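The values are calculated or read from the model by the stated rules, or taken from the named source; none is laboratory data. What you see is a predicted model; the values in this text were computed from it and never measured. Glycine also receives a Cβ, built like all others from the backbone with ideal geometry; neighbour counts cover every protein chain displayed. The area values use the complete protein model at the heavy-atom level, side chains included, leaving out ligands, DNA and RNA. Shrake-Rupley method; radii C 1.70, N 1.55, O 1.52, S 1.80 Å.
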2 protein chains.
Amino acid sequence: MAATYKDIRRVTGLSLATISKHFNGGNVLAANRERIEEAVAELGYRVNDVARGLRSRRSMTLGIVLDELNRTFNTTIVSAMEERLRDAGYGTIICDSRGSAEAEDEAIHFLLGKMVDGLVIVPVGSDVPALADAAARGVPVVAVDRPVAGAGTDAVVIDNRAAVAAAVDLLADAGHTAIALLTGPDSWYTMRERRLGFAEAVARRTGRPPRPEHVLPLPVTIEGGFDGMRRLMRLASPPTAVVCGNYEFTLGATIALNELAGEVTPAFVGFDHLDLARVIRPRPSFVVQPVDEIAARAVELILARLSGDAERPPETAVLRADLVVGEASTYERGLS
Amino acid sequence: MAATYKDIRRVTGLSLATISKHFNGGNVLAANRERIEEAVAELGYRVNDVARGLRSRRSMTLGIVLDELNRTFNTTIVSAMEERLRDAGYGTIICDSRGSAEAEDEAIHFLLGKMVDGLVIVPVGSDVPALADAAARGVPVVAVDRPVAGAGTDAVVIDNRAAVAAAVDLLADAGHTAIALLTGPDSWYTMRERRLGFAEAVARRTGRPPRPEHVLPLPVTIEGGFDGMRRLMRLASPPTAVVCGNYEFTLGATIALNELAGEVTPAFVGFDHLDLARVIRPRPSFVVQPVDEIAARAVELILARLSGDAERPPETAVLRADLVVGEASTYERGLS
DNA sequence: TACCCTGAGCAAAACGTTTCGCTCTGTGAG
DNA sequence: CTCACAGAGCGAAACGTTTTGCTCAGGGTA
């Protein structure tokens with residue numbers, strides 16, 4: 001049904017090779033270019049990327065695999081990357097792992113089957129066996145947010161320890177000494193890093209390690225944050241300040257604090273989602289990841305691999321997160 | 001680099017046709033099946049979907065084009081659809097229009113170039129010229145959330161008028177008579193429908209049409225909702241209740257109310273994002289779209305088209321949204 | 001015995017491009 | 001005048017599958 005080169009040949013009388021040249025910037029007489037363009041308009045021709053990809057072994061397409069589509073952090077990065085990639089002539093295919101390692105595996109193989117030229121992945125866990133298949137095919141990979149084990153790949157991460165340490169410093173400067181952290185299992189790279197940064201900063205500022213009951217490893221969900229905050233507030237000696245280890249915890253903790261309204265109001269540092277911060281009163285401080293920069297670096301790394309230097313040793317870019325300070329009243333209330 | 005049928009032929013001595021049969025469920029001797037599987041394991045073979053798609057003219061892949069990736073409404077629907085499509089043997093490619101009609105056009109052509117078998121689209125506007133190209137190629141399309149002009153396509157929408165009317169009824173039942181609506185331009189299908197439903201319901205319950213200054217057409221952004229709510233509250237006679245026409249308005253309006261904290265506290269019905277509702281105190285009522293059902297119907301419609309009945313006249317499924325009632329105090333405060 | 005059917009396999013022709021050689025101009029340098 | 005070379009074009013061979021005919025053996029039916 002759809003028009004092909006053969007239709008253009010029929011209309012223009014030119015050979016397939018010449019037509020191909022026209023679409024790929026070869027030497028074609030201006031007069032012939034025009035005839036081809038006329039035929040294209042007449043036939044409603046569009047180049048078939050599948051055939052092109054098969055023959056040329058380049059799809060000019062990158063795959064993006066997200067651990068979770070429904071996260072502002074991820075979608076923001078995707079938007080930023082797509083724009084840059086488009087400028088470089090690449091299309092993008094987005095896949096959602098929905099937090100499942102199996103789905104992630106399927107997504108990667110789906111994308112390899114589509115002959116993507118490269119892969120950007122926000123991995124579900126630290127182990128992504130399917131990436132070995134990508135490597136075997138010579139498809140370069142950039143990991144974002146978390147590095148992957150085996151370390152054959154480039155990565156872009158933030159300095160999670162420093163980010164949480166800055167939050168602790170802010171709270172300690174406001175006079176807090178009993179500071180808690182809502183965190184997830186150590187098996188998550190970001191959770192582990194944030195916990196380590198937290199422990200170190202608390203020790204540095206207070207002279208002793210955080211109390212074990214103030215460092216809660218929780219299921220990484222809104223409910224986890226909700227339960228965590230409630231448990232903290234019901235301790236015999238509750239913390240006067242709480243750092244949330246990610247967005248889900250921030251949202252869950254906020255809900256918990258609303259439900260406990262008035263009873264307790266610890267100081268509070270959120271994570272990741274500035275829109276949320278604007279809705280909460282008094283406006284809390286937030287750790288904000290430099291999503292634009294993350295996207296820029298990731299694109300830079302993958303494009304570098306694609307344009308030849310496949311042999312450069314894998315590189316991990318470490319970026320700094322910002323601490324956006326909220327309203328002072330938060331901290332004053334935390335101390336009351 | 002990657003293994004092909006030819007490699008399997010080399011190892012097993014079988015013909016390409018037989019190998020193809022094995023991968024597509026034809027008649028192959030058990031012994032030969034085993035030999036092929038061994039070769040596959042040994043070679044790390046994976047079928048090349050690009051070549052397969054080119055030859056068979058079916059990619060077993062659907063394209064999903066979202067007006068805006070970063071919207072919970074969209075990502076939730078995508079997740080639900082992906083799962084169902086996977087069960088039906090289809091892969092999915094997600095593209096983001098970022099609110100731009102040009103990007104949408106590009107995305108559709110990108111997907112057609114990838115030979116997708118069908119398209120699900122949450123359109124940016126009511127006019128999507130690129131869909132004519134899809135039709136010309138025999139690629140079926142299902143529009144979600146908003147129908148597209150020309151109406152050659154199936155669609156799944158909600159009964160926007162009834163949804164907003166239910167919100168108005170709830171507020172009217174609580175005694176409100178001065179009810180406002182934060183809405184967008186009438187050129188947006190959902191915005192127009194919601195405005196019409198609002199006007200009709202207000203007329204029915206109060207005996208007169210809503211006051212013009214209470215029906216604000218705003219830019220569809222968080223800022224729009226923010227400004228809109230502030231303008232409403234500064235009117236000589238401000239409304240005692242406000243219905244938000246979508247998620248952005250809900251978020252913006254919430255921020256505005258937080259900033260005006262104490263001065264005014266109108267009753268308030270939000271839209272779309274139940275997570276947000278749980279964070280706001282007192283918890284407002286929300287119009288919640290049946291995202292799972294929307295996804296299910298959309299998948300049903302596209303699969304039906306793909307399995308033959310291409311000639312069925314286009315169908316528009318209209319689903320009902322739920323009104324999740326919040327805390328009564330919201331309305332009492334609104335009346336104080 | 002003759003017949004037809006089914007299972008199992010093969011060779012070769014697609015699918016719509018790109019790419020590899022090759023030919024044939026015309027042109028400017030030597 | 002010759003030669004080399006670049007511009008412009010062409011035919012044919014890929015790319016990795018599926019699909020279309022075809023062959024052949026075996027077995028059940030009449």
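Short to long, the 10 Å bins of the Cα pair-distance histogram for segment A:25-179 hold 9, 29, 25, 16, 12, 4, 2, 1 percent of all pairs.
Across chain B, Cα-Cα distances exceeding 28 Å account for 51% of all pairs. Modelled label positions at residue A:23 and residue B:196, each set 7 Å beyond Cα in the direction of Cβ, lie 4.3 nm from each other. Taking amide H as placed 1.01 Å from N in the peptide plane, the amide H of residue A:176 sits under 5 Å from none that are at least 5 places away or on another chain. Note that segment B:236-241 has calculated 3J(HN,Hα) couplings of 4, 10, x, x, 9, 8 Hz, one per residue in order, obtained from phi through the Karplus relation 6.51 cos²θ - 1.76 cosθ + 1.60 (θ = phi - 60°); glycine and proline are x. What's the local net charge at residue B:181, with K and R +1, D and E -1, over the other residues with C-beta under 10 Å away? Summing Lys and Arg as +1 and Asp and Glu as -1 gives +2.
At a threshold of 10 Å², the residues of segment A:272-307 that become less accessible to a 1.4 Å probe in the full protein assembly than in their chain on its own are A:275, A:276, A:278, A:279, A:281. Under 5 Å from the amide H of residue B:93 lie the amide H atoms of B:62, B:63, B:64, each residue being 5 or more positions distant or on a separate chain, with H modelled from the backbone and absent for Pro and chain starts.
Under 18 Å from a label point set 7 Å out along the Cα-to-Cβ vector of residue B:56, the amide N atoms of segment B:1-37 belong to B:4-6, B:16-28, B:37.
Were the residues from residue A:100 through residue A:41 laid out at 0.36 nm apart, the gain over their Cα-Cα distance would be 16.7 nm. Between amide H atoms placed 1.01 Å from N, distances below 5 Å from residue A:319 occur with A:157, A:158, A:159, all of them 5 or more places distant or on a separate chain.
Residues of segment B:48-71 that bury at least 40 Å² of accessible area once all protein chains are present, compared with their chain alone (1.4 Å probe, heavy atoms only, ligands and nucleic acids left out), are B:49, B:50, B:54, B:69, B:70. Accessible area per residue for segment B:80-211 is 35 Å², calculated with a 1.4 Å probe on protein heavy atoms, without ligands, DNA or RNA.
Measure off, as a whole percent, the carbon and sulfur share of the 1.4 Å-probe accessible area of segment B:5-47, all protein chains present. Answer for segment B:5-47 is 49 percent, counting heavy atoms of protein chains only.
Between residue B:236 and residue B:34, the modelled label-to-label distance comes to 9.2 nm, taking each label 7 Å out from Cα in the direction of the beta carbon. Over all projection directions, the Cα-based convex hull of segment A:5-47 averages an area of 2.5 nm².
For segment A:163-280, with all protein chains in place and a probe radius of 1.4 Å, 53% of the accessible heavy-atom surface sits on carbon or sulfur.
So, in Å, what gap is there between the alpha-carbon centers of segment A:174-231 and segment B:144-182? Each part's Cα centre sits 44 Å from the other's. Using the Cβ of residue B:322 as centre and a radius below 14 Å, the other residues enclosed give a net charge of -4, where K and R count +1 and D and E count -1.
The residue among A:228, A:29, A:286 whose Cα reaches farthest toward the positive pole of the charge dipole of the protein assembly as shown, with charges on the beta-carbon of Lys, Arg, Asp and Glu, is A:29. The string of couplings for segment B:249-259 from the Karplus curve (6.51, -1.76, 1.60, θ = phi - 60°) is 4, 4, 5, x, 5, 5, 4, 4, 5, 4, 5 Hz, one whole number per residue in order, with x for Gly and Pro.
Inter-chain Cβ neighbour count for B:112-122, averaged per residue, equals 3 (cutoff 10 Å, partner chain atoms only). For segment A:81-168, place one equal point scatterer on every Cα, skip the solvent, and apply the Debye formula. What is log10 of I(q)/I(0) at q = 0.21 Å⁻¹? Rounded to two decimals, the profile gives -1.05.
Quick one: dipole size for the protein assembly as shown, taken about the Cα centre, charges +1 on Lys/Arg Cβ and -1 on Asp/Glu Cβ, in debye to the nearest 20.
860 debye
Across segment B:37-42, rounded Karplus estimates of 3J(HN,Hα) from the backbone phi angles (6.51 cos²θ - 1.76 cosθ + 1.60, θ = phi - 60°) give 4, 4, 4, 4, 5, 5 Hz, Gly and Pro being marked x. Alpha-carbon geometry of segment A:139-196: the Rg and the Dmax are 14.6, 51 Å, given in that order. Counting only residues at least eight positions apart within a chain, or on another chain, the lysines with an alpha carbon under 26 Å from that of residue A:6 are A:21, A:114, B:114.
Buried surface for the A/B pair, taken as the accessible area of each chain alone minus that of the pair with a 1.4 Å probe, is close to 4700 Å² in total.
Our compactness index for segment B:242-305, the C-alpha radius of gyration over the empirical 2.2 N^0.38 Å, is 1.47.
Volume per residue of the convex hull around the Cα atoms, evaluated for the protein assembly as shown, comes out as 185 Å³.
The residues packed around residue A:11, meaning those with a beta-carbon under 9 Å from its beta-carbon, carry a net charge of 0 if Lys and Arg are +1 and Asp and Glu are -1. Placing +1 on the Cβ of every Lys and Arg and -1 on the Cβ of every Asp and Glu, with nothing else charged, gives chain A a dipole about its Cα centre of roughly 460 debye. Here the peptides A:250-259, B:16-25, A:131-140 are ranked by packing, the mean other Cβ count within 10 Å, and the order with the highest first is A:250-259, A:131-140, B:16-25. Entry comment: accessible area of segment B:5-47 is 64 Å² per residue, from protein heavy atoms only and a probe of 1.4 Å. Think of each Lys and Arg Cβ as +1 and each Asp and Glu Cβ as -1; about the Cα centre, that makes the dipole of segment B:5-47 roughly 180 debye.
At a 1.4 Å probe, which residues in segment A:83-100 are at least 30 Å² less accessible with all protein chains present than in their chain isolated? The answer is A:86, A:93, A:94, A:96, A:98 - residues whose exposure falls by at least 30 Å² when every protein chain is included.
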